[in-house]
Amino acid sequence: MEETIVIKGGNRLEGEIELQGSKNSSLPILAATVLVDGISVIENCPELTDVSAAVKILEHLGCKVFRQGTTLTVDSRFIDGCSIPDSLMREMRSSIVFLGSILGRTGQARLSSPGGCEIGLRPIDLHISSLRLMGVSVDISRGHISCTRKSYNSDTVISLSFPSVGATENIILASVLGEGRTVIHNAAREPEIRDLADFLCKCGCKVELTAQDTVIIEAVQKIHGTRHRVIPDRIVALTYLSCVGAAGGDVLIKNTDTDDYRTVLPFFEGAGCEITDKKESIRIKMNGRPKALRDIRTMPYPGFPTDAQAPLMALSCVARGSGVIVENIFEGRFKHVGELVRMGAKIRLEGRIALVEGVDSLYGTRVECPDLRGGGALVVAGLAAKGITEVCNISHIDRGYEKIEECLRGVGADIVRVNK
Ligand code: UD1
């Protein structure tokens, strides 16, 4: 039996949405609990299949994990494993973030290679070369990565050629315990990195994020458990803002932190949305058809986030005028374009550039989620479309959006999840 999301488009959205915690913060923080010889309590951890996959990995390593609502308690005192089987690695590509923490805790780690995914090849060369610089011996053969730490350098300086989020997280996780000092230049500066560093510092680690793009880690011998609240999910907030921008309405999003995505708000304002930004809540009002959006170029933080590209493209599809979207981060991140075109969108693709010519209306039809954020885009489009949109392959959506249909039904959308 396959679940689908069925949307009857055209309803104005009105009311309040309580925003979920961040998926991309929860995963590295759950990985970080492996380093703790004690108990960690992680609040605001959304109920998502990617989070469940992380919990399965923790349990496989010997942790005891309890969930009560959105609070996860992880007891990592009796860790007895240092490998992740292929089946668990395949459930979630981001499992690679466990490499650094398993290595940090046990001195060795064995994982199967994560391989590519829906949005591109997703190499891990930066993770591997950085670990080698730190003095870790890394052997890659027959699809497996085996790491062993024989000694610690007193000083390691890593300059990333690109500010990779995952590589920055893995280097931090691999270097907080033990000996020596690690400096990462051109590190990723995403809010999720700051959240990971906050968690680790509360546990007794020494991780300093400088105002520029440098992270300095002084290793310590032992860390303790703590209680931590995961930051709100900025990408889910931007998806819901896109829903209101495209369908029209008046919605208050609560439990957010607009500091984490303020650079994206002018795109909504330019489209004619009225935004009231109170940092921990944001209200969006939209009447009528959106105006053409400013050109979008995805960039590392604080630039326009690649994860918000697809939802804002869906908004752009119904705008009065044309817009350009350049995807600079992932090579395979336009797979939603074909599905939007099936709904009547006018989009031309030239390599990493999409030219979107707004149409009066999209039309509901059966569409397939190509990936997580592409799935978010199809929901945005379905809310604005005439008629019924049937969104299939929604396991992608469930990786990152917690109870999306309940949140949107709560603000007046005609949206249901059905078993076919
Ligand atoms: C994380 C996010 C993802 C987001 C992305 C960029 C999580 C779980 N996922 O993914 O939602 O879209 O950041 O903000 O937090 N690259 C290399 N070599 C490497 C590592 C990365 O070439 O060793 C390239 C990638 O192929 C990609 C770019 O760098 O083109 C960005 O990747 P990265 O920042 O590492 O993204 P992830 O951590 O995988």
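The values are calculated or read from the model by the stated rules, or taken from the named source; none is laboratory data. Note that the structure is a prediction, hence the values are computed from the model and not measured. As a convention, Cβ positions derive from the backbone with ideal geometry for all residues, glycine included, and neighbour counts pool all protein chains shown. Note: areas computed on protein heavy atoms with side chains; ligands, DNA, RNA excluded. Shrake-Rupley method; radii C 1.70, N 1.55, O 1.52, S 1.80 Å.
Conditions (1) at pLDDT below 95; (2) open to solvent by 30 Å² or more (accessible area, probe 1.4 Å), marked per residue:
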residue: R93; (1), (2): yes, yes
residue: F98; (1), (2): no, no
residue: I102; (1), (2): no, no
residue: C117; (1), (2): yes, yes
residue: G120; (1), (2): yes, no
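Hey, can you tell me all the residues within the range 176-191 that are within 16 Å of the ligand (Cβ to nearest atom) and among the charged types (D, E, K, R)?
Listed by number, the residues that qualify are R189, E190.
Would you mind finding the one in V97, V51, V41 that is within 12 Å of the ligand (Cβ to nearest atom) and under 18 Å from H228 (Cα atoms)?
V51
Confirm whether L30 is within 16 Å of the ligand (Cβ to nearest atom), under 21 Å from the mean Cα position of the chain (by Cα), part of a helix (DSSP H, G or I) and modelled with pLDDT of 95 or more.
Values: within 16 Å of the ligand (Cβ to nearest atom): yes; under 21 Å from the mean Cα position of the chain (by Cα): yes; part of a helix (DSSP H, G or I): yes; modelled with pLDDT of 95 or more: yes.
When the stated conditions are applied, L30 passes them.
When the residues of the range 310-334 are narrowed to those that are closer than 10 Å to A246 by Cβ and either within 16 Å of the ligand (Cβ to nearest atom) or of a type in the set (K, R) (or both), which ends up nearest to the chain's Cα centre (by Cα)? Can you show your working first?
Pass one, the range 310-334, residues closer than 10 Å to A246 by Cβ: 311-312, 314-319.
Going one step further and asking which of them are either within 16 Å of the ligand (Cβ to nearest atom) or of a type in the set (K, R) (or both), we end up with 311-312.
Values: P311: 14, L312: 16 Å.
Only one residue fits best here, namely P311.
Take the conditions more than 18 Å from I96 (Cβ to Cβ), within 15 Å of the ligand (Cβ to nearest atom), under 23 Å from the mean Cα position of the chain (by Cα) and at pLDDT 95 or above and apply them to R194. Does it pass? Show your work before the answer.
Values: more than 18 Å from I96 (Cβ to Cβ): yes; within 15 Å of the ligand (Cβ to nearest atom): yes; under 23 Å from the mean Cα position of the chain (by Cα): yes; at pLDDT 95 or above: yes.
The answer is yes for R194.
Checking Q212 against (1) at pLDDT below 95; (2) open to solvent by less than 10 Å² (accessible area, probe 1.4 Å), which test does it fail?
Unmet condition: (2).
Of the conditions (1) part of a helix (DSSP H, G or I); (2) within 16 Å of the ligand (Cβ to nearest atom); (3) surrounded by fewer than 24 Cβ atoms within 10 Å (Cβ to Cβ); (4) at pLDDT 95 or above, P46 fails just one. Which one is it?
(1)
From the list R294, R289, pick out the single residue that is among the charged types (D, E, K, R) and either modelled with pLDDT under 95 or assigned to a helix (DSSP H, G or I) (or both). Working first, answer last.
Numbers: R289 fails: either modelled with pLDDT under 95 or assigned to a helix (DSSP H, G or I) (or both).
After applying the criteria, what remains is R294.
Pull out all pairs, ordered by first then second residue, where Cβ-Cβ is under 7 Å, the residues are six or more apart or on different chains, the first lies in the range 24-35 and is touching a residue at least 12 places away in the same chain (Cβ under 8 Å), and the second is polar (S, T, N, Q) and within 13 Å of the ligand (Cβ to nearest atom).
L27/S94
For the range 254-262, indicate whether the set of residues that are closer than 18 Å to S22 by Cβ, surrounded by fewer than 23 Cβ atoms within 10 Å (Cβ to Cβ) and more than 18 Å from the chain's Cα centre (by Cα) is non-empty.
Checking the range 254-262: at least one residue is closer than 18 Å to S22 by Cβ, surrounded by fewer than 23 Cβ atoms within 10 Å (Cβ to Cβ) and more than 18 Å from the chain's Cα centre (by Cα).
Residue by residue through the range 167-191, note down the ones that are closer than 20 Å to R122 by Cβ, open to solvent by less than 10 Å² (accessible area, probe 1.4 Å) and in a helix (DSSP H, G or I).
Scanning the range 167-191 gives A167, T168, N170, I171, I172, L173, A174.
Any residue at all in the range 127-147 that's within 16 Å of the ligand (Cβ to nearest atom), part of a loop (DSSP other than H, G, I, E, B), under 18 Å from the mean Cα position of the chain (by Cα) and under 28 Å from L88 (Cβ atoms)?
Initially, the range 127-147 is screened for residues within 16 Å of the ligand (Cβ to nearest atom), giving 127-134, 136, 138, 140, 145, 147.
If we keep only those that are part of a loop (DSSP other than H, G, I, E, B) too, we end up with 134.
So of that shortlist, the ones also under 18 Å from the mean Cα position of the chain (by Cα) come out as none.
No, the conditions are met nowhere in the range 127-147.
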